[in-house]
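Shown next, in structure tokens, is the structure this report addresses.
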């Protein structure tokens, strides 16, 4: 199958003059789940931030092709419209902006981008109601300010709720399992699995294997020192769980 | 020639005309004010309390003063009808500095309440008005004495003992002239013991072809167990300067809320001086300042706790864009015997551009130990993390910025207790941040077609 959704070629990027990504290559096809694992400081979160367009990072080299669109040329909002979604490791609290207004602005901006009329208030609320069920998000949370006073688990559920609302073609889940207890993890992973189709794809960034018990990857990549140094099937995650990262570090550092 | 001396000269040469058109109540204080101004000048930029605002420069242009009380040919009550949606108000206008009742003003009035021209009230009820007029205004300040010297009309509001007004009173201040003009505005509010009133004031400039200056002095008496809310919303033009000085006095168990909102204007300076003279009084003083272009907004507060168990809470928030400048200077003064005082002050500012500047000076002067007081000031930029988070969800940068600026003002809007006004203000702030200059036809009080009654 030659239908490519995301193609990252030799991506180099950094922050404040310090290079973190040192030539990342990655190909994602529709219907696939990719896990990116790696030790702390490998550049996992940088990769997700750079793909989403965080302006604090600078890209020095490389290309990112997203279903025929040059992703790096797009503003973050247009990357979202084109179907990219980042579930934040640390979702941001925005006091004074209600979830409803936040989501309506997001949905209607996307509709405008595709020359569609804004959703009517009743259609919008109906959509909110439907999508809330995917992650069992309480109506009370939906009426509050964005993430304000949410628990760690509620914040992560809220991320997946937003993902459900925006129906992205590619979702990047950045350490979605961090700070989750086992029940919250199950709900969040369940939400991700419900949203999975043969048309969209998911990149799961995680430090631990346990999330991959719930979201089954087709490919597991190891990111180390800003590059993908190893790629395998789901079994690689199990090896990492058992043996840690040291053997890979040694392998690479001795080269 | 100093800015002040041109007005003193004007006064000296028109003494008879001014006094002839005025009551003795106003005239006796006028003469005193004239004496106090001898050898004085208006505050210059850099003087203490005026670090960023020059009153001298504000008054320096050759503004006309309507000494001869020429009727400016604007039939305001027909062309300009204001109403808070879903709420019926008792309304009056001040055109430049002349009182103009709305057609329905008098038939809505509760028993004993007076909302009238200060000129007329001071003639019809000299003892009543004379007992309060100029009793709080600090005429040792030249900006106040200048107002007392030149004032010919204004508004007198009197709510007698025990009267709880259900309808808010609304004053619409309008500038409209065919030449540059100074409006000498004066407001005297007396809320007697056990009475309660809400007052909404909005400032508009209809014809922004000319430069205007509003010299405004407000005196507010809040009696024992009385309650007064004042919402003062400026929505004027870049050609309008405003120097407003409010003096309030609170008696035992009273409540005063003042919420000053600057949505648009040119050069604005608001002074708030509030005395808690008797025990167990509560003061809420809030301010919202939104500036863009080369606008300047300066708020200066002085809360004087001179009694026990007093409580005051101040919150001032600014959003400054473009090359606009803001200043806040606030003092909480707690007297030696003002025990069990609780006083808080917070000033939070958002700079939306690299060129905008904020100057803030929060101050506490506490002379006893049995108090709970705090103050704080922060000035920062829009939260970059929040901005990126919103953009990553597809919200365009400009909209995200606007939503964050709006969100920043939410707590000041929430301090508005008048239902209809709170919603209206939310809408106006949104419009203001989306770059639509709020016009008079869409004012805080939503102006409509003339009402038939």
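Could you give me the residue pairs with C-beta distances under 8 Å whose first residue belongs to segment A:89-103 and is more than 8 Å from chain B (Cβ to nearest Cβ) and closer than 20 Å to residue B:427 by Cα, whose second residue is at pLDDT below 95 and in a loop (DSSP other than H, G, I, E, B) wherever it lies, and which are 6+ apart or on separate chains?
That search, which allows pairs on different chains as well, returns A:98/A:143; A:98/A:144; A:99/A:143; A:99/A:144; A:100/A:143.
Return only the number of the condition from (1) more than 14 Å from chain A (Cβ to nearest Cβ); (2) surrounded by fewer than 18 Cβ atoms within 10 Å (Cβ to Cβ); (3) over 23 Å from residue B:283 (Cβ atoms) that residue B:381 does not satisfy.
(1)
Among (1) touching a strand residue (DSSP E or B) at 6+ places or on another chain (Cβ under 9 Å); (2) part of a helix (DSSP H, G or I); (3) within 14 Å of chain B (Cβ to nearest Cβ), there is one condition residue A:161 misses while meeting the rest; what is its number?
(1)
Among the residues of segment A:112-152, count how many are within 14 Å of chain B (Cβ to nearest Cβ) and in a loop (DSSP other than H, G, I, E, B).
8
Determine if segment A:35-48 includes at least one residue that is assigned to a loop (DSSP other than H, G, I, E, B) and free of Cβ contacts under 8 Å to residues at least 40 places away in the same chain.
So the first thing to find is which residues in segment A:35-48 are assigned to a loop (DSSP other than H, G, I, E, B), and the list is A:38-43.
Filter again for free of Cβ contacts under 8 Å to residues at least 40 places away in the same chain, leaving A:41.
Looking for residues that are assigned to a loop (DSSP other than H, G, I, E, B) and free of Cβ contacts under 8 Å to residues at least 40 places away in the same chain, one finds at least one in segment A:35-48, hence yes.
Just to be sure I understand, how many residues within segment A:1-17 are loosely packed, with under 14 Cβ neighbours inside 10 Å and either modelled with pLDDT under 95 or within 22 Å of residue A:192 (Cβ to Cβ) (or both)? Steps first, answer last, please.
Quick first cut of segment A:1-17, residues loosely packed, with under 14 Cβ neighbours inside 10 Å only: A:1-3, A:10, A:16-17.
Within this subset, residues satisfying the condition of being either modelled with pLDDT under 95 or within 22 Å of residue A:192 (Cβ to Cβ) (or both) are A:1-3, A:16-17.
So the answer is 5.
What's the number of the condition residue A:40 fails, among (1) under 20 Å from residue A:12 (Cβ atoms); (2) under 18 Å from the mean Cα position of the chain (by Cα)?
(1)
Taking residue A:197, is it touching a strand residue (DSSP E or B) at 6+ places or on another chain (Cβ under 8 Å) and either within 22 Å of residue A:136 (Cβ to Cβ) or not in a loop (DSSP other than H, G, I, E, B) (or both)? Working first, answer last.
Details: touching a strand residue (DSSP E or B) at 6+ places or on another chain (Cβ under 8 Å): no; either within 22 Å of residue A:136 (Cβ to Cβ) or not in a loop (DSSP other than H, G, I, E, B) (or both): yes.
Answer is no for this residue.
Do you know which of the residues in segment B:54-88 that are part of a strand (DSSP E or B) and crowded, with 19+ Cβ neighbours inside 10 Å is modelled with the highest pLDDT?
Applying the first criterion (part of a strand (DSSP E or B)) to segment B:54-88 yields B:64-65, B:81-82.
Still in the list and also crowded, with 19+ Cβ neighbours inside 10 Å: B:65, B:81-82.
Working: B:65: 93, B:81: 47, B:82: 48.
Taking the candidates together, the pick is B:65.
Among residues belonging to segment A:73-88 that are assigned to a helix (DSSP H, G or I) and surrounded by fewer than 22 Cβ atoms within 10 Å (Cβ to Cβ), point out the one that is nearest to the other protein chains (Cβ to nearest Cβ). Talk me through it step by step, then tell me what you get.
Residues of segment A:73-88 assigned to a helix (DSSP H, G or I): A:73, A:76-81.
Checking which are surrounded by fewer than 22 Cβ atoms within 10 Å (Cβ to Cβ) leaves us with A:73, A:78, A:81.
On the way: A:73: 15, A:78: 8, A:81: 5 Å.
Out of the qualifying residues, it is A:81.
Which residue pairs have Cβ atoms under 6 Å apart, sit 6 or more places apart or on different chains, and have a first residue in segment A:49-72 that is touching a residue at least 40 places away in the same chain (Cβ under 8 Å) and more than 13 Å from every other protein chain (Cβ to nearest Cβ) and a second that is in a loop (DSSP other than H, G, I, E, B) and buried (at least 18 other Cβ atoms within 10 Å of the Cβ)?
Final answer for the pair search is A:67/A:5.
Sort out which residues of segment B:404-422 are touching a residue at least 24 places away in the same chain (Cβ under 8 Å) and away from chain A (no Cβ under 14 Å), and write them in order of number. Full working, then the answer.
Looking only at segment B:404-422, we keep the residues that are touching a residue at least 24 places away in the same chain (Cβ under 8 Å), and these are B:405-406, B:408-409, B:411-413, B:415-421.
Passing the criteria: B:416, B:417, B:418, B:419, B:420, B:421.
How about segment B:143-252: which strands (runs of 3 or more DSSP E) wholly inside it have at least 2 residues that are modelled with pLDDT of 95 or more? Let's see the steps before the verdict.
Details: elements: B:155-159, B:169-175, B:181-191, B:196-205, B:212-222, B:227-235, B:240-250.
So the answer is B:155-159, B:181-191, B:196-205, B:212-222, B:227-235, B:240-250.
The values are calculated or read from the model by the stated rules, or taken from the named source; none is laboratory data. None of these values were measured; they are calculated from a predicted model. Quick reminder, even Gly has a Cβ in these numbers, built from the backbone with ideal geometry, and neighbours come from all protein chains shown.
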